[in-house]
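Below: one structure, written as structure tokens.
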Amino acid sequence: MIAKEKLHEIINTELIADVEFLVSLSISPRNEIRILIDSLSGISIDRCVTLSRAIEAHLDRDVDDFSLEVSSAGLGEPFQHPLQYKKNLAKPVSVVLKSGVRHDGVLLDVTDNGFSITEFKVIPAHTDENGRKKKKETVEEVITFLFDDVKSTSYRFEK
């Protein structure tokens, strides 16, 4: 079986330092290796192919039978690395908390411990406390989350 630590070392030597980063690495019991990579400017298919060949050159098929898949983290997949949050600043996201509550908004800021979004809430037409009729309005609210409280965050496709 291929050691995950060895694979981490190989991947880190092949990634462009300070530009590309490893999002996730998994190895199944049948030596099916799946590597997700990303960068702040995105990853092309050609770069995935180049990385796959470079990583495979470090492995010996005579010793370990394996399959290797190198791909970029897709838009629909939840963020798994803090740099993915930075990559998606000012873009629409969906945040699902561990409590099950969902928030949709625009990614505003990222810190070491969490992030903030701007959420737009629609307040339906209503009558205020003085009996005056109010029209429907949209209110902007900034919400801050700790990474520890978040189940998943992903890019939100707008309609």
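Let's see how each residue does on (1) among the aliphatic types (A, V, I, L, M); (2) touching a strand residue (DSSP E or B) at 6+ places or on another chain (Cβ under 7 Å); (3) within 20 Å of LEU83 (Cβ to Cβ); (4) open to solvent by 70 Å² or more (accessible area, probe 1.4 Å):
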| position | (1), (2), (3), (4) |
| --- | --- |
| HIS103 | no, yes, no, no |
| ASP109 | no, yes, yes, yes |
| ASP112 | no, no, yes, yes |
| PHE115 | no, yes, yes, no |
| LYS121 | no, yes, no, yes |
| ALA125 | yes, yes, no, yes |
| ASP128 | no, yes, no, no |
| LYS134 | no, yes, no, yes |
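The residues of region 52-62 that are within 25 Å of the chain's Cα centre (by Cα) and either loosely packed, with under 12 Cβ neighbours inside 10 Å or of a type outside the set (S, T, N, Q) (or both), listed by number, are ARG53, ALA54, ILE55.
A quick yes/no check of all residues on (1) more than 15 Å from the chain's Cα centre (by Cα); (2) free of Cβ contacts under 8 Å to residues at least 12 places away in the same chain:
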position: PRO92; (1), (2): no, no
position: VAL106; (1), (2): no, no
position: THR118; (1), (2): yes, no
position: LYS134; (1), (2): yes, yes
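Taking the criterion of being open to solvent by 50 Å² or more (accessible area, probe 1.4 Å) and either part of a strand (DSSP E or B) or among the acidic types (Asp, Glu) (or both), the residues of region 63-92 that qualify are ASP65, SER67, GLU69, GLU77.
Return yes or no: is LYS87 more than 27 Å from MET1 (Cβ to Cβ) and in contact (Cβ under 8 Å) with a residue 60 or more places away in the chain? No: the conditions fail for LYS87.
The values are calculated or read from the model by the stated rules, or taken from the named source; none is laboratory data. Remember, predicted model here, so these are calculated numbers, not experimental data. Neighbour counts run over all protein chains shown; Cβ positions are idealised from the backbone, glycine included. Surface areas here come from the heavy atoms of the whole protein model, side chains and all, with no ligands, DNA or RNA. Shrake-Rupley method; radii C 1.70, N 1.55, O 1.52, S 1.80 Å.
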